[in-house]
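Okay, so here's the structure we're looking at.
The values are calculated or read from the model by the stated rules, or taken from the named source; none is laboratory data. Only a predicted model underlies this, so the values are computations on that prediction, with no experimental measurement involved. Cβ placement follows ideal geometry from the backbone for every residue including glycine, while neighbour counts extend to all protein chains displayed.
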Amino acid sequence: MTFITTPDGVRLRITDRGSGERTIVLVHGWKLSHRPFEHAIMRLARTHRVVAFDLRGMGESDKPNSRYDFDEMADDLEFVLSELGLEDVTLVGWSMGCSVSLQHMARGGRHVARLVLINGPIKLARTEDDSFPWSMTEEVLEAYFADMEQHWPSKEREFITDSLYRPGTDLVNVIFAITQQAPLDGLLKIVRAQTKLDFRDLLPRIEVPVLAIYGRHDPYYPVELGEWIARQCPLGEAVVFEESAHYPFIEEKERFAQVLSEFASR
């Protein structure tokens, strides 16, 4: 199976690999697709069933003129889990995929037995009366949006290079090519919707084990955020990847597969 179609007629690109008693579901980040997970999928599929899909508006999935908010994307995640009959899954969100996964958990978290959050935000935008340290001011965000509207994709390779601890030209080019599959208007809808999310109150209410994986050199989300997430969750823990920035599943691929496999097998 390579595509499934949602109730509102959107084709989602699906990859379904491996087998085993436990299933791992991977949710990718902003602008991207399941493709950066290729190393993780290959390694994890040796012992687990691994499912990944491209969110609407990105990768090889359809790009409809839709809302692109996080209820819509959580609906798509729920549809994938239900359509494939997945239960007792380890749900893995990376970067913006953390927000999709947490929105699913906020709506009941059906099918999920364990949650992994990789290098992602809990609250993206900082309000005037809020000092949450791991967020950005409205001025910083609006300046980024304005620059993106005017100059996309001229700075995208620089953005990708900064996201990698040891960037290589080939890897940057591959990730850049994936970002160019996503229409600009949809990307801006997504990130503007993300600024409205705040999952701080959700974390203490998550009853399943939660693993926060953060790269030591991530320029956006520091390891302190991962450690804070672990403290907020009743069954939380954190792992730091010392040789990674924003892509630990690429930059420390063997260790990542081992850590995730062990967590999913508990």
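The table below gives the values:
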{"read-out": "The range 64-84 residues that are in contact (Cβ under 8 Å) with a residue 12 or more places away in the chain, paired with ones that are hydrophobic (A, V, I, L, M, F, W, C) and part of a helix (DSSP H, G or I) (beta carbon under 7 Å, 6 or more apart)", "value": "Tyr68/Ile190; Tyr68/Ala193; Asp69/Ala193; Phe70/Val100; Phe70/Ala193; Met73/Val100; Ala74/Val100; Leu77/Val100"}
{"read-out": "Selection count, the range 124-158, where residues are surrounded by 18 or more Cβ atoms within 10 Å (Cβ to Cβ) and within 22 Å of Pro248 (Cβ to Cβ)", "value": "2"}
{"read-out": "The range 91-109 - residue that is among the hydrophobic types (A, V, I, L, M, F, W, C) and in a helix (DSSP H, G or I) and, of those, farthest from the chain's Cα centre (by Cα)", "value": "Ala106"}
{"read-out": "Residues of the range 155-185 satisfying the condition of being over 20 Å from Arg56 (Cα atoms), modelled with pLDDT of 95 or more and part of a loop (DSSP other than H, G, I, E, B)", "value": "Ser163, Leu164, Tyr165, Arg166, Pro167, Gly168"}
{"read-out": "Count - residues of the range 163-193 that are more than 21 Å from Glu38 (Cα to Cα) and either free of Cβ contacts under 8 Å to residues at least 24 places away in the same chain or not basic (Lys, Arg) (or both)", "value": "9"}
{"read-out": "Enumeration of residues in the range 207-222 that are out of contact with any Lys or Arg (no Cβ under 6 Å at 6 or more places or on another chain) and over 22 Å from Leu32 (Cβ atoms)", "value": "Glu207, Val210"}
{"read-out": "Residues of the range 224-266 classified as in a loop (DSSP other than H, G, I, E, B) and not hydroxyl-bearing (Ser, Thr, Tyr), total", "value": "9"}
